[in-house]
Amino acid sequence: MDSTEESTQQRSEEVFAQLQRKALSYFLHQCNPANGLVADKNQPGSPASIAVQGMAFSIYAIASECGAIERSEAIKRTLTALRFFQSSTQNTGRDATGYRGFYYHFLDIESGKRTWKSELSTIDTAILMAGIISAMNYFNRDSAEEREIRELANFLYSRVEWDWACNGEETPSHGWTPEGKFRRYRWDTNYSEAHILYILALGSPTYPIKRAGYEKWLTTFNLQTIYDIQYLHAGPLFIHQMSHLWIDFQGIQDSFNRNVGIDYFENSRRATYVQREYGRRNPKKFEHYSQYGWGLTASDGPGPAVLTVKGRRRVFYDYRARGVPKGPDDGTVSPWAVVASLPFAPEIVTETVTHMFRKMDENGLSVSGFGASYNLTFPHSSQQALTRTQSVISPGEVPSSYDGWLSPWIFGLNEGPMFMMIENHRSGLLWNLMKQDHYMRNGLMAAGFEGGWLADP
C-alpha cells in the first residue's frame, strides 16, 4: 500500500469512527433515563420508537465491548428498558403499551403509553426483539444484573404471540389496533424487510408460526434485471439492510436462494450497485446525483411542495419511502443509507462516504455529521424550507452559501443502522452475537436455511 492509499484508508476509518461516535451520542442523549425509552428523533416532543429501542439494545452491547461506554453503564441502560417493557401494561386498552407480547409502534417517551393512535406493529416488535436477543447473548456473565437481563429477555421474547398475529391465516398481519383490529395488509407479498419478523416468529419456543407462511411469501419473489444487474428488487435501500443488521446472510440459503443461486447478502450487494448506477445516470437530472451522490431510502424530505426550479416543475415530498429506479424520487439523498450498505459493497460505499463527507466539510456542515437527508435541488430560499427549519436550525448551523435543503432532525432509525453496520463490517461483532443464539438459529433452520455458518456446531 503506497502513502496515498494509506492516507485515504486512514481518512475513511476516521470518517466511520466519527459517524459511530455521533450515532452513539444520539442513543445516549435522546433517552429517558427513568424508563430507558429512546426517542424516534431529536425533535422536541418526539415519542419513542420501539424499532429504535431494538437498535439501542444492540448498540449498548457493541459500545460496551468496544470500550465506548462502561459495561456497567450498558447494563444499567439495558436493564432499565427491559424492566419497563416487562412491567408495562399489556391489554386491549387504547393507551396500553402493548398486547399479547407485541408493542405499539410509537410510545409516549414519558409515560410509555401508546401514542399517535399507532398500531401494534409486528415488524417493529420483531426489530425490538432482535435487539433484546442481542443483549441476552452479550450479557453472559454470572452476575445478578446480567442474569436478570437474560431472564427478562427470554420472558419478553417468549411472550410474543406470533401465531395470533396471523389472525387465522398463514402469514402475519402488518399490525393491529384497538379501534380497527387487524390491518388488512400482510407480510405475504414481494421482497421486503420481513425476514427478521419471519425468522423470529418461526424460532419462537412458545407461539411459533408455521413454515407454510414463509414459503408462501417466497413464492412472490421475482428476480429483475436493472442496469444489467439481476437481483430481488426493492426500491428503498432500507429494505436491503434492516434484517441484515442482525443476521449475516452470507453463505446461508433458503429454498429461494438455492433455486436462483445467490444468497440475500449478495442480493443486497447488487442492490447497492443499482443505487450507485442510478445516481450516476441521474435520469431526472437532480443536483448532486452522481457515482458519489446516491442513497435513496425511507427518509425525511423538504416537502410537501410543488415548485418550479430552473424552469422545471418539481414535486417535493416530506417523509417518504424513496427508491430506484421507479421512485418516488424528488432529489433527496440519505447518506446514512449509503453507510448502512458498507458490509455489502465496501469498495463503493467507502469512496462515496468520504466524498460526501468532504462536500459537507466544504459547506461547513461536517460538525453535524451526515444528518438524516439532504436535497440540493430544493432551493434554500424557498418559503417551505424556511418554515421547516427556522425553529430548529440557527443561522450559523446552515451557512447561507449552502444551496439546498438539509433535514433539521436526527432520526434514531438512521443513526442505528450506521453504527451497527460499520461494526458488522469492521468486526462482525453483532452478527457473531446472533450466530450464538439458539432462537435465531432455530428460526433460520425452520425457514429452511442451510449451509454456511449454520453448518457449524
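The values are calculated or read from the model by the stated rules, or taken from the named source; none is laboratory data. Because the structure is predicted, anything quoted here is derived from the model rather than measured. Here the Cβ is made from the backbone with ideal geometry for all residues, glycine too, and neighbour counts use every protein chain on show.
Scan Lys216, Lys284 and give me the residue that is among the basic types (Lys, Arg), assigned to a loop (DSSP other than H, G, I, E, B) and modelled with pLDDT of 95 or more. Don't jump to the end; show me each part of the working.
Numbers: Lys216 fails: assigned to a loop (DSSP other than H, G, I, E, B).
Among Lys216, Lys284, only Lys284 is among the basic types (Lys, Arg), assigned to a loop (DSSP other than H, G, I, E, B) and modelled with pLDDT of 95 or more.
Here is a yes/no grid of residues against (1) outside any loop (DSSP other than H, G, I, E, B); (2) at pLDDT 95 or above; (3) within 28 Å of Phe16 (Cβ to Cβ); (4) among the hydroxyl-bearing types (Ser, Thr, Tyr):
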residue	(1), (2), (3), (4)
Gly295	no, yes, yes, no
Pro302	no, no, yes, no
Thr308	yes, no, no, yes
Val315	yes, yes, no, no
Ala337	yes, yes, yes, no
Ser341	no, yes, yes, yes
Phe344	no, yes, yes, no
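Which of the numbered conditions does Gly451 fail, given that it passes all the others? Conditions: (1) of a type outside the set (S, T, N, Q); (2) under 22 Å from Ser25 (Cβ atoms); (3) in contact with a strand residue (DSSP E or B) (Cβ under 7 Å, 6 or more places away or on another chain).
Of the numbered conditions (1) of a type outside the set (S, T, N, Q); (2) under 22 Å from Ser25 (Cβ atoms); (3) in contact with a strand residue (DSSP E or B) (Cβ under 7 Å, 6 or more places away or on another chain), the odd one out for Gly451 is (2).
Go through the residues of the range 251-272 one by one and say whether even a single one is over 21 Å from Gly451 (Cα atoms) and crowded, with 24+ Cβ neighbours inside 10 Å.
Yes, the conditions are met somewhere in the range 251-272.
Tally the residues that are assigned to a loop (DSSP other than H, G, I, E, B) and either of a type outside the set (Asp, Glu) or not assigned by TED's automatic domain parsing to the domain that holds Ser118 (or both), restricting the search to the range 155-193. Outline the logic, then answer.
Pass one, the range 155-193, residues assigned to a loop (DSSP other than H, G, I, E, B): 160-163, 167-172, 174, 178-180, 183-185, 187-193.
Right, trim to either of a type outside the set (Asp, Glu) or not assigned by TED's automatic domain parsing to the domain that holds Ser118 (or both) and you get 160, 162, 167-168, 171-172, 174, 178, 180, 183-185, 187, 189-192.
Final tally of qualifying residues: 17.
Filter the range 20-49 for residues that are closer than 13 Å to Phe411 by Cα and assigned to a helix (DSSP H, G or I) and give the result.
Matches in the range 20-49: Lys22, Ala23, Leu24, Ser25, Tyr26, Phe27, His29.
For the range 134-144, check the following and say yes or no: at least one residue is in contact with a Lys or Arg (Cβ under 6 Å, 6 or more places away or on another chain) and assigned to a helix (DSSP H, G or I). Full working, then the answer.
In the first step, residues of the range 134-144 are kept if they are in contact with a Lys or Arg (Cβ under 6 Å, 6 or more places away or on another chain); the result is 136.
Narrowing further to those that are assigned to a helix (DSSP H, G or I): 136.
Taking every residue of the range 134-144 in turn, at least one turns out to be in contact with a Lys or Arg (Cβ under 6 Å, 6 or more places away or on another chain) and assigned to a helix (DSSP H, G or I).
From the set of residues in the range 91-113 that are assigned to a strand (DSSP E or B) and within 13 Å of Gln53 (Cβ to Cβ), which is nearest to the chain's Cα centre (by Cα)? If you could, list the steps in order and put the result at the bottom.
First pass over the range 91-113, keeping only residues assigned to a strand (DSSP E or B): 98-99, 102-104, 106-107.
Imposing the further condition that a residue be within 13 Å of Gln53 (Cβ to Cβ) reduces the set to 98, 103-104, 106-107.
Details: Gly98: 22, Tyr103: 18, Tyr104: 17, Phe106: 15, Leu107: 18 Å.
Of everything passing the filter in the range 91-113, Phe106 is nearest to the chain's Cα centre (by Cα).
Quickly run through the range 238-271 and pick out the residues that are in a loop (DSSP other than H, G, I, E, B) and touching a helix residue (DSSP H, G or I) at 6+ places or on another chain (Cβ under 9 Å). Steps first, please.
The first filter runs over the range 238-271 and keeps only residues in a loop (DSSP other than H, G, I, E, B), leaving 241-242, 246-252, 254, 261-263.
Gln241, Met242, Trp246, Ile247, Asp248, Phe249, Gln250, Gly251, Ile252, Asp254, Ile262, Asp263 - these are the residues of the range 238-271 that are in a loop (DSSP other than H, G, I, E, B) and touching a helix residue (DSSP H, G or I) at 6+ places or on another chain (Cβ under 9 Å).
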